[in-house]
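The values are calculated or read from the model by the stated rules, or taken from the named source; none is laboratory data. None of these values were measured; they are calculated from a predicted model. Here the Cβ positions follow ideal geometry from the backbone for every residue, glycine too, while neighbour counts run over all protein chains shown.
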């Protein structure tokens, strides 16, 4: 049986960031990825936004790690030449009641450490984005965008330079957790002995955790899947910044984001689904997109939107339930030495990834 210091399950952006953090501590780290490439799940099916840390409850992991991770991510991207842009975003109120919501959001952001949001009048917002329609807006200059795949490639490079490796096409079947360490078995029968196991399997983290012998299943929360559909814009959008409506239940509303090439996309919406494999985009959902987008961009023309792609948010709450924080369970929570489970790592997981890596590494004893 092969022996390795640490095994990380899942080569998404968070799994790679955690693996990098462990490898930089001097551990030998193997990342086991079920797919044939890194980052093919939630990490490649999102808005690629660097979030400022605006929406989350004060003191929550999402708030703390987003603000910390944002600074780390901008610095890392600049140091490594990863394509990114601090373009800023406008959070817009299109109904009178939403103006007060904006003020509350600005106060929440300041409490979280995102203290640079500024309230704009309608005229000030339109001076920045003339095609916009709103009653007022909050300007977040610290919001940006990043090439998430280039970022993940850099994380993989750091891991490999530190002596770690990523094993693709290596789905994990089970693990046996005991007093002498953890034995991980892949679906092809390969067995690895390790003292550290990180479950960063995203949408499949709960299913996987239930296969860990020695872990009380009472520590594994239910899985809920919120699908987010995206539609792409034909032609170039007349906006230089990201445009977000006031947040809605389970998501941040149908917002406009830009990629590094300037291509605009709208989404995600919220569609609760039973399976994490449900990734098709129903063109009929486009009608609702037109209605939502025209609240803040009345100039959107008929026929300008085309179905793009969909991603699934790994939610810890179901429909109509209050939003839940990241759930990072270490040995102090479940009593299994060396095991860390990451559940419900949705947005702002990309922004928080480097901070999450450091957070997880700190839950474990220092390597000997």
If I filter segment 123-137 down to residues being without any contact (Cβ under 8 Å) to a residue 60 or more places away in the chain and outside any loop (DSSP other than H, G, I, E, B), which single residue comes out as surrounded by the most Cβ atoms within 10 Å (Cβ to Cβ)? 137
Screening 303, 308 for residues that are in the same structural domain as residue 131 (by TED's automatic domain parsing), surrounded by fewer than 18 Cβ atoms within 10 Å (Cβ to Cβ) and more than 29 Å from residue 56 (Cβ to Cβ) leaves only 303
Single condition residue 313 does not satisfy, out of (1) over 26 Å from residue 84 (Cα atoms); (2) touching a strand residue (DSSP E or B) at 6+ places or on another chain (Cβ under 9 Å): (1)
Within segment 314-332, does at least one residue satisfy the condition of being more than 27 Å from residue 272 (Cα to Cα), in contact (Cβ under 8 Å) with a residue 40 or more places away in the chain and in contact with a helix residue (DSSP H, G or I) (Cβ under 9 Å, 6 or more places away or on another chain)? no
Just to verify a result, which residue in segment 73-102, among those that are exposed (fewer than 14 other Cβ atoms within 10 Å of the Cβ), over 23 Å from the mean Cα position of the chain (by Cα) and assigned to a helix (DSSP H, G or I), is modelled with the lowest pLDDT? 97
From the set of residues in segment 157-176 that are outside any loop (DSSP other than H, G, I, E, B) and out of contact with any strand residue (DSSP E or B) (no Cβ under 6 Å at 6 or more places or on another chain), which is surrounded by the most Cβ atoms within 10 Å (Cβ to Cβ)? 159
Taking segment 44-65 as the search range and keeping residues that are closer than 20 Å to residue 265 by Cα and in contact with a helix residue (DSSP H, G or I) (Cβ under 6 Å, 6 or more places away or on another chain), which one is surrounded by the most Cβ atoms within 10 Å (Cβ to Cβ)? 51
Yes or no: residue 184 over 25 Å from the mean Cα position of the chain (by Cα) and surrounded by 21 or more Cβ atoms within 10 Å (Cβ to Cβ)? yes
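Looking at this structure, is residue 120 outside any helix (DSSP H, G or I) and at pLDDT 95 or above?
yes
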Scope segment 1-16; condition touching a helix residue (DSSP H, G or I) at 6+ places or on another chain (Cβ under 7 Å) and closer than 17 Å to residue 203 by Cα; matching residues: 8, 9, 10, 12, 13, 14, 16
So residue 332 ticks every box in (1) touching a strand residue (DSSP E or B) at 6+ places or on another chain (Cβ under 9 Å); (2) modelled with pLDDT of 95 or more but one. Which box is left unticked? (1)
Of the conditions (1) crowded, with 17+ Cβ neighbours inside 10 Å; (2) modelled with pLDDT under 95, residue 338 satisfies every one except a single condition; which number is it? (2)
Take residue 141 and tell me if it is out of contact with any strand residue (DSSP E or B) (no Cβ under 9 Å at 6 or more places or on another chain) and touching a residue at least 40 places away in the same chain (Cβ under 8 Å). no
Of all residues in segment 345-366, count the ones that are part of a loop (DSSP other than H, G, I, E, B) and either surrounded by 24 or more Cβ atoms within 10 Å (Cβ to Cβ) or touching a helix residue (DSSP H, G or I) at 6+ places or on another chain (Cβ under 8 Å) (or both). 5
Give the number of residues within segment 107-118 that are buried (at least 21 other Cβ atoms within 10 Å of the Cβ) and in contact with a strand residue (DSSP E or B) (Cβ under 8 Å, 6 or more places away or on another chain). 3
Out of all the residues in segment 31-43, is one or more touching a helix residue (DSSP H, G or I) at 6+ places or on another chain (Cβ under 7 Å), closer than 30 Å to residue 92 by Cβ and either in a loop (DSSP other than H, G, I, E, B) or in contact (Cβ under 8 Å) with a residue 40 or more places away in the chain (or both)? yes
